[in-house]
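The values are calculated or read from the model by the stated rules, or taken from the named source; none is laboratory data. What you are looking at is a predicted structure, and each value in this text was computed from that prediction instead of being measured. Neighbour counts run over all protein chains shown; Cβ positions are idealised from the backbone, glycine included. Surface areas here come from the heavy atoms of the whole protein model, side chains and all, with no ligands, DNA or RNA. Shrake-Rupley method; radii C 1.70, N 1.55, O 1.52, S 1.80 Å.
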Amino acid sequence: MIRTPLSSPSTCARFDTRRVFRPLLDPVPPLPALYTAVGFSIFAFLATIYLIPALGPAFVKAGLKGGDLLKPYRHDIPMSLAVYLSSILSLIIATMLGFLDDVFDIRWRHKLPIPIIASIPLLMVYYAERGNTHVVVPLPLRFLFGTLVNLGPLYYIYMSLLSTFATNSFNILAGINGSEVSQALIIAISVILNDLLYLPWPIDFKLPLHLLGSKSELDFGGVWSAGMAHGSRELVERHLFSLYFMMPLVAVCTAFLYHNWYPARVFPGDTLCYVTGMAFAVVGIQAHFSKTLLLFFIPQIFNFILSCPQLFGVVPCPRHRVPRYDADTNLLYPSTADFEKPPSRIATIILHSMSTLGLAKLTLHPTTGVIQKSTNLTILNYFLVRLGPMGEKKLVQVLMCSQIAGSVFAFVVRYGLAGLVYDGDRR
């Protein structure tokens, strides 16, 4: 809430500490479910830390194992343990479908509908509770569509596509130790930070912007008026719902990253990608902040757009697009896609455009100039093209830095630049 301070000179000159930090007299609302979620999160962290090494040999014996393509050694590493250690998220359908994907190695064209199937119960509950299907129109388009537009069935298609993107975006950005789980961890922490902005805090906090020359002050006050909720219990309950999912997810991902960090002692498999992606889709849809959620997926959106020529068959797409490992130097180099025949005109235009923008590196025939090779179109290979060869541990650190930078940019857009295209209270 923005308030204008008194215009009296003595008021501006005298600094009252109570205006900055004033204890709240109202009782703090009991949040037993939140306390329970904290307890389950601690339990999930400890269970993941200790059960992975304990259950690993059993998974290897059962055939749920894999080899690390980017290491000189070739010993079996267990995978898909996240199906059991993430069960507290109650995303049974996505978990089991991801587990089946790991076991039967489902092809990409058959993977795409899996998240849609997993989202059916979510969409049914949303429909049964008469979930809102209206969207606010940006200011530049309101002369055409008005302030609100009811998308109706199209909104349900959007929600199913959101679940599909959230799950598969981790899958197509996999391949190096720690990549999948680190993305999920950073996004989950970002969602939690966003949720904390809406919680009722037991203090009344004011930012005295008038001391900096401003004519207003920012007020966070009252138990149910604290934070961005500004008195809306519905908003508080939505973000509490999000926290109930995100805190256990952070706990599991943190412990899992300990074992999946370079050199990995366990692989997440498709199971973790499906569970984490569906968890994000659930909170984004049910807590009604899907646009904010998508802002946290900026690196994944960039990777998807970059991968589109290969995903849709315009450019050859090998089964594994992970960077190429050089055992002599222990460094990763951009992997390539080979053209068995000259590329089409559309593929040539796209690849030359990407090469000009520094998104890919091409190998041309010395006399005809026909494209013979192209680096695989993923964000990991893009980092190697732009930054040069590097070790696997450094590459995942670069990926994590890009994810953190994307989250910072998302907060700037959501709570700063969004006012340029939307008016009023954008809570």
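Per-structure values
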{"quantity": "Share of carbon and sulfur in the accessible heavy-atom surface of the range 236-379 [1.4 Å probe, %]", "calculated": "61 percent"}
{"quantity": "For the range 264-356, accessible area per residue (1.4 Å probe, heavy atoms of protein chains only), Å²", "calculated": "44 Å²"}
{"quantity": "Contour minus Cα-Cα distance for T348 and A128 (0.36 nm per residue)", "calculated": "74.3 nm"}
{"quantity": "For L364, residues with placed amide H under 5 Å, excluding near neighbours", "calculated": "Q372"}
{"quantity": "Trypsin sites (Lys or Arg not before Pro) restricted to DSSP loop in the range 302-406 with at most 10 other C-beta within 10 Å", "calculated": "R319"}
